[in-house]
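Here the structure is laid out as structure tokens; the discussion comes afterwards.
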Amino acid sequence: MSPVSRNSNYLYLNSNASDATSSNASASPPLSPTTRRRPQPLRINYVGIDPGDIIGKVLKRVRQSSSHPVLTLDFADNTTFQILVDGYDPVHRGIPKDLEMDSCLHDIFTSDQPLDLEILDCALITLSDKAFNRKYSRDPHEEQWDQKHLAMAFKFAEERPQWHCIWATMEEYDEEAGVCLFRSYDDVYLERLQRSSKKRRKNSVAHTGRQ
């Protein structure tokens, strides 16, 4: 997972497309972290659970899969949730997918300091970014379009609470030339990871000291 600097405001669902700012396009400065509006609730069907379910939980650990675009979040109440990419098939992977996040969130997740972050707010939002296909032409102006996609936004109980964001990318490269030939975006969603009964029993025994 790579940190990315975004020069864009979040595009809220049901907003006009002209309100969106592509990360590759010039636009007016984004709102400051302390004054940025809360993303509006989604009013469409979407995959996964409501991100509001993790509001108030305390994040203790983050695990990134080395093989799949999956981010696992462990909380202080012994619940675990995963951020996943909609449509990803671990058997038939298709175009390589990855999870990206803003640089501030990357610094938090990769810090040597233990995590103890209460989630003040969490929501699915819609972003708009420049996608392109250069498989058949290296002209950067050909096959370019604005791709809207669902991302997940968090606000933690930090000294200066601000919105952080995680989104999914799809990329194909010319390995010999080291050039990206295709880049687009996909939707992310949140699911609760159900612990097996064996693991739950083991944790219960360890916690109570029963044999």
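Every number in this text was worked out from the coordinates using simple rules, so none of it is lab data. As the structure is a computational prediction, the values presented were derived from the model and not from experiment. Positions of Cβ are generated from backbone atoms using ideal geometry, with glycine treated the same way; all protein chains shown enter the neighbour counts.
Checking the a/c ratio against 1.5 first, then a/b against b/c, what shape does the Cα gyration tensor give for segment 160-199?
Working: a/c = 3.26, a/b = 1.68, b/c = 1.94.
In terms of gyration-tensor shape, oblate.
Using a basic spin-label model with each label point 7 Å from the Cα along Cα→Cβ, how many nm lie between S111 and E172?
Output for this residue pair reads 4.0 nm.
Considering the zone a paramagnetic label at V47 would reach in this model (a point 7 Å from Cα along the Cα-to-Cβ line), which residues of segment 75-98 have amide N under 15 Å from it?
Hits in segment 75-98 for V47 at 15 Å: 82-98.
Subtract the Cα-Cα distance of I55 and K135 from 0.36 nm times their separation in residues, and report this length gain in nm to one decimal.
Separation in residues times 0.36 nm, less the Cα-Cα distance, equals 24.6 nm.
Rounded to the nearest angstrom and ordered from largest down, what semi-axes does the equivalent ellipsoid of segment 40-194 get from its C-alpha gyration tensor (root of 5λ)? Intermediate values should be presented prior to the final figure.
On the way: eigenvalues 178, 55, 49 Å².
The equivalent ellipsoid of segment 40-194 has semi-axes of 30, 17, 16 Å.
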